[in-house]
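Below is one structure, written out as structure tokens; the observations come after it.
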Amino acid sequence: MSTVLPPPVPLPDPEGDPHALAAAVDGLAAAGFVLGVLEAHLAGPATQAPGWLGADAAAAAAEVGATRQVVGAVHDAVTAALGAVAGHREAVVAARARIVVLRDRQAADLDRAELRLATLVDPAAQVSSVTEDPAAAALVADVVAADAARAAEHAALLASVGEDAAVAAAALGAAAADLGVGPSRGGASTADGVRLHLAVLLPAYGAAVRSALGTDVAVALTGAAGTDEVARVLDEHAGLLADPLVAGALVERLGAPGLQQVLLLAGPDDRVAGGLAVAFTAAASSATRAPGLLSAVLDPLDPDGVPDQVALGMGAVVAAGGGAALAAGWLPSLLAREREQGLSAADRVASRATDPVAVVVGALVGSRRSELAAGALDTPAAWTALLSRPWADGGAALADLVGLAARDAAAPVVATAALLSAGAPFVPGGDHVVTALPATWARVAPELAAVVAAHPDLVVARLLDPAAPGAVAVLAGATALLAERAAARVVVPALEGAVATLPAGLDVTVLVGALTAVRDQAATVAHLVGTARADAAAVDEQFLRKEAELVFSLLPGTVPLVAGPVVDTVLGAVGFGVTDRPAAPLLRGAPGAVADATRLVGAPGGAGLAYEQVLRALRLPAPLPVSAVAPPDVASPLGELRRGGSPVARLF
């Protein structure tokens, strides 16, 4: 009914407590005053350090000057924050005061309208549905209009306060960002972000503060109850742990036992792996003991399975974003453990975990940092380990790593290490056990050949003087390299082209004859290794046939009599029983060396003599035994049968 007064429009106060804002203004004003006084005191001695002399005086003056700059920056931030908070408090107080006025007027209008309405409206007339009084209806309409106007003004006040709050918040955010507060600092600990920011600006004082921050996080990690708590601590302090000095202090405080413990958690938990990736990447570049501690975290000799779990955690950290420097520091210890234990960590754990060595190599390739790639491949031990292990991609990532290392100034060192590793089995008097997997070597050899072709002096110097210390080992590696046709097509032209660049006075025909000898030896190596592998495959087939015969002997009745010939027929159809040995190589011999010299130089010179000299230095026994092939469980899928490892063999 239009003669009934509606309920009053709500007029609540805007958000913001004037008393809390006033307290904040007072606190900021006091802080600004103290900072202003401190800055004034520092202005005097900022350019000199009384009582200090020489470098100490300069360092002290620099520290005082840096402190003054920090104090000035904090004073400016506090002043900006004071202005923002004080202005917003005024806006809140003014809005609240106006809303009080609106409420008072609303209450007064309603009281007057109720009294007036009581004199205009006849209750008996309303009950009898007699037409309402026009004056009463007009009165109610006036009250509704006035309340609507007040509601609109109230909404405008709230909107104005909200806009002012947004402006003040932006000003506070800008001031706080100048002090190191913000999302880029990570986590929920704003105080940590401010402390780190100020510590970075104060070299002498700041170093101790940053170390203390890292120690505090390490204590929190060691005291964490469970994986979830460890992940929470790492996430909360992610901004701090990106600082090298903080991260270095964290690693030093954790020590070997603490590092191993958190790495054990990193393998199965991506959150922990991600947090450690931030911390350990920063620590790997820290000027502390942290890089050394990280590199030595994995025990290569411990036969227990716990270090393998640690290795999986290392791989998980690198996969979660661990830096290339961290990956490069971990690769030697991962390879050393594989060498000592005979299997990768993933294989020893017998799980579907990602191979940590493959992850580390992939991270190095992805970094595109040639110096790290070269550093990972600059020792024969690293090459031996990398060439003898199985790769899920057939060695493609390793080949990419070699290609990346080829761009670095240390590429000749990398190539020399590779040749020493690959040639070790073919050095006269060596054990002639070829551990490099054929598929891996076939992938890597062309990339290595490109390095040798770009630096032919690596081989040329040894060809000219095969009696020099270490020359035979490098030339033996060259024979292994040239045994791969794709590599030979790159290296041989480069070495022949070096004939024209030799200094005057050297007999270039010696180089040609020596190169022909290396090429013949490479053909011999390829034949001997191919023959040994064919013989090894035949041995594998014999074991498989014996295994099948053992199974058939368990079958009842005449089944073995029928099944045996069928199996023989099937095995024969797929090539079992046929030893596929490579054809004997066609060697050029001393006459070929003379012909090469005549073609390249125009005269035979000492090519024939050089050929004989180098060939005698590299001579291999022939034929190589079956044991010259890589270990069966690496080179052949049937290798387990050789060691009696099949289910049937174990049964008996």
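The values are calculated or read from the model by the stated rules, or taken from the named source; none is laboratory data. Everything numeric in this text was worked out from a predicted model, so none of it was measured. Methodologically, a virtual Cβ is constructed for each residue, glycine included, from the backbone with ideal geometry; neighbour enumeration extends over all protein chains shown.
Looking at this structure, is residue 357 touching a residue at least 12 places away in the same chain (Cβ under 8 Å), over 17 Å from residue 334 (Cα atoms) and surrounded by 24 or more Cβ atoms within 10 Å (Cβ to Cβ)? Spell out how you get there, then give the answer.
On the way: touching a residue at least 12 places away in the same chain (Cβ under 8 Å): yes; over 17 Å from residue 334 (Cα atoms): no; surrounded by 24 or more Cβ atoms within 10 Å (Cβ to Cβ): yes.
Against the criterion (touching a residue at least 12 places away in the same chain (Cβ under 8 Å), over 17 Å from residue 334 (Cα atoms) and surrounded by 24 or more Cβ atoms within 10 Å (Cβ to Cβ)), residue 357 does not qualify.
Table: residues versus (1) in contact with a Ser or Thr (Cβ under 7 Å, 6 or more places away or on another chain); (2) closer than 26 Å to residue 598 by Cα; (3) of a type in the set (A, V, I, L, M).
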site	(1), (2), (3)
401	no, no, yes
405	yes, no, yes
438	no, no, no
446	no, no, no
476	no, yes, yes
490	no, yes, yes
503	no, yes, no
For this session: Mind telling me which of the residues 489, 462 ends up being of a type in the set (Lys, Arg) and more than 22 Å from residue 430 (Cβ to Cβ)?
Result: 489
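What tally of residues in the stretch 1-22 results from selecting those that are among the hydrophobic types (A, V, I, L, M, F, W, C), surrounded by 13 or more Cβ atoms within 10 Å (Cβ to Cβ) and closer than 29 Å to residue 172 by Cβ?
First pass over the stretch 1-22, keeping only residues among the hydrophobic types (A, V, I, L, M, F, W, C): 1, 4-5, 9, 11, 20-22.
Okay, now just the ones that are also surrounded by 13 or more Cβ atoms within 10 Å (Cβ to Cβ), so 5, 9, 11, 21-22.
The next check asks that each one be closer than 29 Å to residue 172 by Cβ; those that pass are 11, 21-22.
Residues that pass the stated criteria total 3.
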Seminar exercise, completed: Per the filter on the stretch 377-411, residues of a type in the set (Lys, Arg) and surrounded by fewer than 19 Cβ atoms within 10 Å (Cβ to Cβ) are 407
Problem set entry | Selection count where residues are outside any helix (DSSP H, G or I) and touching a Leu at 6+ places or on another chain (Cβ under 7 Å), scope the stretch 391-414 | 1
Seminar exercise, completed: How many residues of the stretch 283-299 are buried (at least 16 other Cβ atoms within 10 Å of the Cβ) and closer than 14 Å to residue 334 by Cβ? The answer is 5
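Output the residues belonging to the stretch 422-478 that are β-branched (Val, Ile, Thr) and under 20 Å from residue 534 (Cα atoms). Lay out the reasoning, then the answer.
Residues of the stretch 422-478 that are β-branched (Val, Ile, Thr), as a first pass: 427, 433-435, 440, 444, 451-452, 459-460, 472, 474.
Correct list: 433, 434, 435, 440.
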For this session: Answer yes or no: is there a residue in the stretch 374-383 that is on the phi > 0 side of the Ramachandran plot and not aliphatic (A, V, I, L, M).
Result: no
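I'd like to know if the stretch 280-291 contains one or more residues that are of a type in the set (Phe, Trp, Tyr) and within 25 Å of residue 399 (Cβ to Cβ).
In the first step, residues of the stretch 280-291 are kept if they are of a type in the set (Phe, Trp, Tyr); the result is 280.
Still in the list and also within 25 Å of residue 399 (Cβ to Cβ): none.
Within the stretch 280-291, not a single residue is of a type in the set (Phe, Trp, Tyr) and within 25 Å of residue 399 (Cβ to Cβ).
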For this session: Return only the number of the condition from (1) in a helix (DSSP H, G or I); (2) among the small types (Gly, Ala, Ser); (3) under 23 Å from residue 382 (Cα atoms) that residue 322 does not satisfy.
Result: (1)
Exercise. Among (1) in the same structural domain as residue 293 (by TED's automatic domain parsing); (2) among the hydrophobic types (A, V, I, L, M, F, W, C); (3) at pLDDT below 95, where does residue 381 come up short?
Worked result: (1)
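Test residue 519 against the stated conditions and say whether it is free of Cβ contacts under 8 Å to residues at least 60 places away in the same chain, out of contact with any strand residue (DSSP E or B) (no Cβ under 9 Å at 6 or more places or on another chain) and over 20 Å from residue 440 (Cα atoms).
Values: free of Cβ contacts under 8 Å to residues at least 60 places away in the same chain: no; out of contact with any strand residue (DSSP E or B) (no Cβ under 9 Å at 6 or more places or on another chain): yes; over 20 Å from residue 440 (Cα atoms): yes.
So residue 519 does not fit the description; no.
Out of all the residues in the stretch 355-391, which are in contact with a Gly (Cβ under 6 Å, 6 or more places away or on another chain) and hydrophobic (A, V, I, L, M, F, W, C)? Walk me through how you get there before you give the answer.
So the first thing to find is which residues in the stretch 355-391 are in contact with a Gly (Cβ under 6 Å, 6 or more places away or on another chain), and the list is 356, 359.
359 - this is the single residue of the stretch 355-391 that is in contact with a Gly (Cβ under 6 Å, 6 or more places away or on another chain) and hydrophobic (A, V, I, L, M, F, W, C).
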